[in-house]
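Quick notes on the structure that follows.
The values are calculated or read from the model by the stated rules, or taken from the named source; none is laboratory data. No experiment lies behind these values; they were computed from the predicted model shown. With ideal geometry, Cβ positions are generated from the backbone for all residues, glycine too; neighbour counts draw on all protein chains shown. When the accessible area is computed, the model is the full protein with side chains, heavy atoms only, and any ligands, DNA or RNA have been set aside. Shrake-Rupley method; radii C 1.70, N 1.55, O 1.52, S 1.80 Å.
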Amino acid sequence: MNSYGRRGTVGDRTVDKAPQYGLLFRVVAFFTHMQLGYLLRDSRRSRTAVRIFVFLEALSALTIIAVAAYLARLPLLFPPLAPSAFILFRTPLSRSASPRVVFLSHCLGMFLGLLVIYLFSLLFPEANLYGSDALNWPRFFALGLAMGLTSLAMILLDCAHPPATATALIAAMGYFDGFLQVVALPVAVLFLLAQALVFNRVLGGLPYPLWSFDPKAAKQYPDLAGLGDQETPYWDKVTETVFDRRKR
């Protein structure tokens, strides 16, 4: 055996076998052909491959988090993680699915929600804002302010991730009732991002970013970046047709 592969015989001659005849190469090639990045090259199977991949990823990701929460006895399951998982696995190459945006937006939502409820509880101590079933005017204004501040902060910091507004909502509703839950949310988000990295980059063969959004990858896979097939929507086509007729 040499550095190029194994030796074999052809008639009376001894020749070197190419690396692609090796077992390891064939195993790697088999799993490479199963990656989403490879399947998307075939337009006939691309949509089916995406649907199956998203289903398996979402199912596995939240199941793994649930099992980890049970084994570690930590509150790692939060409702906003479900829509975040959908974005991470359906449009993993979009700006809103980049690790920077997901992590920063959820942390902003939690911080601003906690800040608002703390300030309003000082201004209106009789409103019982930390009680999740309290319905009163201070609660309504606190929820609205938390949503508004979170939305504004995400725009200013260029980290728009819609599920993070749900994080601000549950924080402003008083569901974070201890230090452990406050710490558990960022840990759960990082856990979800680690799974997205494994599923999308390692198993899926996609150029999923390690931190910031990659516009080149988005152009390479427009459907996985939320850009669709770049066709004009139906109602936009209707509008264009109407204006074209008026110009005649």
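Going 7 Å from the Cα of Asp177 toward and past its Cβ, which residues in the range 124-153 have a backbone nitrogen under 12 Å from where you end up? It comes to 130-134, nothing else. Taking all protein chains together and a 1.4 Å probe, the residues Ile64, Ile170, Ile117 rank Ile64, Ile170, Ile117 from largest to smallest accessible area. Between Asp158 and Tyr118, the contour length at 0.36 nm per residue exceeds the Cα-Cα span by 11.8 nm. Can you tell me how the range 69-175 classifies by the Cα gyration tensor, rounded, prolate or oblate, using a/c under 1.5 as the rounded cut? Taking the square roots of the gyration eigenvalues as a ≥ b ≥ c, the range 69-175 is oblate.
Packing, as the average of other Cβ atoms within 10 Å across residues, places the peptides 78-91, 182-195 in the order 78-91, 182-195, highest first. Residue ranking by accessible heavy-atom surface, 1.4 Å probe, largest first, among Asp223, Asp177 comes out as Asp177, Asp223. Distance between the modelled labels on Asn128 and Leu74, one decimal in nanometres: 3.3 nm (7 Å Cα→Cβ projection).
Does the range 76-116 come out rounded, prolate or oblate, given a ≥ b ≥ c as the square roots of the eigenvalues of its C-alpha gyration tensor, rounded meaning a/c under 1.5 and, failing that, prolate meaning a/b above b/c? Don't skip to the end; give the middle numbers.
Numbers: a/c = 3.19, a/b = 1.65, b/c = 1.94.
Oblate is the answer for the range 76-116, as a/c is 1.5 or above yet b/c matches or exceeds a/b.
Surface composition of the range 113-186: carbon plus sulfur atoms hold 75% of the accessible area, using a 1.4 angstrom probe and ignoring ligands, DNA and RNA. Subtracting the Cα-Cα distance of Ala66 and Val198 from 0.36 nm times their residue separation leaves 45.8 nm of extension gain.
Expressed as a whole percent, the accessible surface of the range 57-100 that belongs to carbon and sulfur atoms is 73, based on a 1.4 Å probe.
Only Cα pairs under 8 Å and 6+ residues apart enter the sum, and on that basis the relative contact order of the range 90-239 stands at 38 percent. 3J(HN,Hα) couplings calculated from phi for the range 136-144 with the Karplus curve 6.51 cos²θ - 1.76 cosθ + 1.60 (θ = phi - 60°) are, in sequence order, 7, 5, x, 5, 4, 5, 5, 5, x Hz; Gly and Pro show x.
Please compute the net charge surrounding Phe89, taking Lys and Arg as +1 and Asp and Glu as -1 over other residues with Cβ under 14 Å from its Cβ. Net of charged neighbours comes to +1.
The simple Förster model, with R0 at 30 Å and r as the Cβ-Cβ distance, assigns Leu210 and Ala82 a FRET efficiency of 0.80. Label-to-label distance for Cys107 and Leu190 is 0.9 nm, based on points extended 7 Å past Cα in the beta-carbon direction.
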